[in-house]
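Below is one structure, written out as C-alpha cells; the observations come after it.
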Protein chains: 2
Amino acid sequence: MKIGELSKKSGCSIQTIRFYEKQDLLEACNRSEGNYRIYDASSLRTLRFIKQCRSLDLTIIEIRQLLDTRNNPDKSCSSVNNLIHQHMVDVTHRIAELEELKLTLSEMASACTDDRKVKECGVLQLLEE
Amino acid sequence: MKIGELSKKSGCSIQTIRFYEKQDLLEACNRSEGNYRIYDASSLRTLRFIKQCRSLDLTIIEIRQLLDTRNNPDKSCSSVNNLIHQHMVDVTHRIAELEELKLTLSEMASACTDDRKVKECGVLQLLEE
DNA sequence: GTAAAGTCTATACTTAGTATAGAGTCAACA
DNA sequence: TGTTGACTCTATACTAAGTATAGACTTTAC
C-alpha cells in the first residue's frame, strides 16, 4: 500500500509517517518505480505500536528503545517494565504539580470580580507580589 | 543596574531576560556608553510580574496581554479574570487527561513482571493491540 | 492529451527558553 | 601601560513532536 492508505489505516498523518521514518522509528520501506513508498502489513503493525506508545506520552527516544527491545524476543523485558514504571512516576508527579497550580489559580480567581478597574484588580495585585 | 545584577535579583537567567526583551515583554531599556543594558527598579518589578505569570504557566502571548492591560489602569479588568478562569479550566482538563493516562499505565504495568522475556512481555503485548 | 489527485523532498514554523561562538567592554592589578 | 578576568554584546543553533508549505514529479481517470 502507498502512504495515503497507510495514513488512513493507522490514523497518522502522511507527514507524521515520513517524520517517523526520518526518526528511525519506521525503517525505510521499499519504493515503487516512481519513488513512492510501498508499505506492508508489518509497517502498519509497527505504526500502530508507535501510536499506542505516543498515546501514553512516551517520547520518540523511548519508543525507539521499545522497538529495539521488541526486536530481541529472547532478551529480558525488564527495561520495558522500568520504562512504564518510571513514566507512571513522572505522570503522578506532574499531576501533583498541576493540582497545586490549580489551587493557586483558584485562590487568585477569588481575589477579584469582573466589574473592577485594572488599578483595583485583585488578580493583578497578586501578580505584582 | 546591569543585566547580571537584574538576573540575580529576579532569578531569571541573563539569556531569558534578553529573550523577554525580544518578545516585547520587557521594553528596550537604556544602554550605557559601551552598549550595556541599564535597568531600573521598574524593570525588576515587571520581570517579577512576568515570572509570577510564568509560574502559573501563562504563555508569553497571555503575559503580553496582561502587561498591556496593566498599563491601562482605568479600563475594566474583566479580561484578566477571564484569562485566569480559562486557564483554570484548561489545567483541570489536563489533570483529568493525566489521571486517565496514569490509570492506563498502571493497568499496563500490572500486565507483566520483571523476570519475563521480551516475547512473553505483557506490556509489549498490550502495546501491539 | 490533460486535469486532478497523490506523492516526493526540502524547508520553515511552533514554545520557552538554553547553549554556544566570537567579539567587545570594563575594572583591578603588576 | 599592559594584561588578565569577569562581564556583556549579537547572532545563531538547538530542544520535541510534529504541522504546513512550495515546487516538482507520478499516477489515475476521463
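Mind listing just one residue for me: the one in the stretch A:29-40 that is exposed (fewer than 10 other Cβ atoms within 10 Å of the Cβ) and near DNA strand C (Cβ under 9 Å from one of its atoms) and, of those, farthest from residue A:12 (Cα to Cα)?
A:34
Within the stretch A:61-110, which residues are of a type in the set (A, V, I, L, M, F, W, C) and touching a residue at least 40 places away in the same chain (Cβ under 8 Å)? If you could, list the steps in order and put the result at the bottom.
So the first thing to find is which residues in the stretch A:61-110 are of a type in the set (A, V, I, L, M, F, W, C), and the list is A:61, A:63, A:66-67, A:77, A:80, A:83-84, A:88-89, A:91, A:95-96, A:98, A:101, A:103, A:105, A:108-109.
Once the filter is applied, which keeps residues that are of a type in the set (A, V, I, L, M, F, W, C) and touching a residue at least 40 places away in the same chain (Cβ under 8 Å), the stretch A:61-110 yields only A:67.
For the stretch A:12-28, which residues satisfy the criterion of being more than 7 Å from DNA strand C (Cβ to nearest atom) and over 22 Å from residue A:61 (Cβ atoms)?
Listed by number, the list is empty, since nothing qualifies.
Surrounded by 13 or more Cβ atoms within 10 Å (Cβ to Cβ), among the aliphatic types (A, V, I, L, M), at the interface with chain A (Cβ under 7 Å from one of its Cβ atoms) and closer than 18 Å to residue A:66 by Cβ - does that describe any residue in the stretch B:109-122?
The answer is yes, given that some residue of the stretch B:109-122 is surrounded by 13 or more Cβ atoms within 10 Å (Cβ to Cβ), among the aliphatic types (A, V, I, L, M), at the interface with chain A (Cβ under 7 Å from one of its Cβ atoms) and closer than 18 Å to residue A:66 by Cβ.
Among B:17, B:95, which is the only one that is buried (at least 16 other Cβ atoms within 10 Å of the Cβ), at pLDDT 95 or above and at the interface with chain A (Cβ under 7 Å from one of its Cβ atoms)? Explain how you work it out, then say what you get.
Numbers: B:17 fails: at the interface with chain A (Cβ under 7 Å from one of its Cβ atoms).
Every option except B:95 fails the conditions.
If I filter the stretch A:14-63 down to residues being outside any loop (DSSP other than H, G, I, E, B) and among the aromatic types (Phe, Trp, Tyr), which single residue comes out as farthest from DNA strand D (Cβ to nearest atom)?
Filtering the stretch A:14-63 for residues that are outside any loop (DSSP other than H, G, I, E, B) and among the aromatic types (Phe, Trp, Tyr), the one farthest from DNA strand D (Cβ to nearest atom) comes out as A:49.
Of all residues in the stretch A:41-92 being over 12 Å from the mean Cα position of the chain (by Cα) and hydroxyl-bearing (Ser, Thr, Tyr), which is surrounded by the most Cβ atoms within 10 Å (Cβ to Cβ)?
Selected residue: A:43.
The values are calculated or read from the model by the stated rules, or taken from the named source; none is laboratory data. For clarity, every value in this text was computed on a predicted model and none was experimentally measured. Note: ideal-geometry Cβ built from the backbone for every residue, glycine included; neighbour counts use all protein chains shown.
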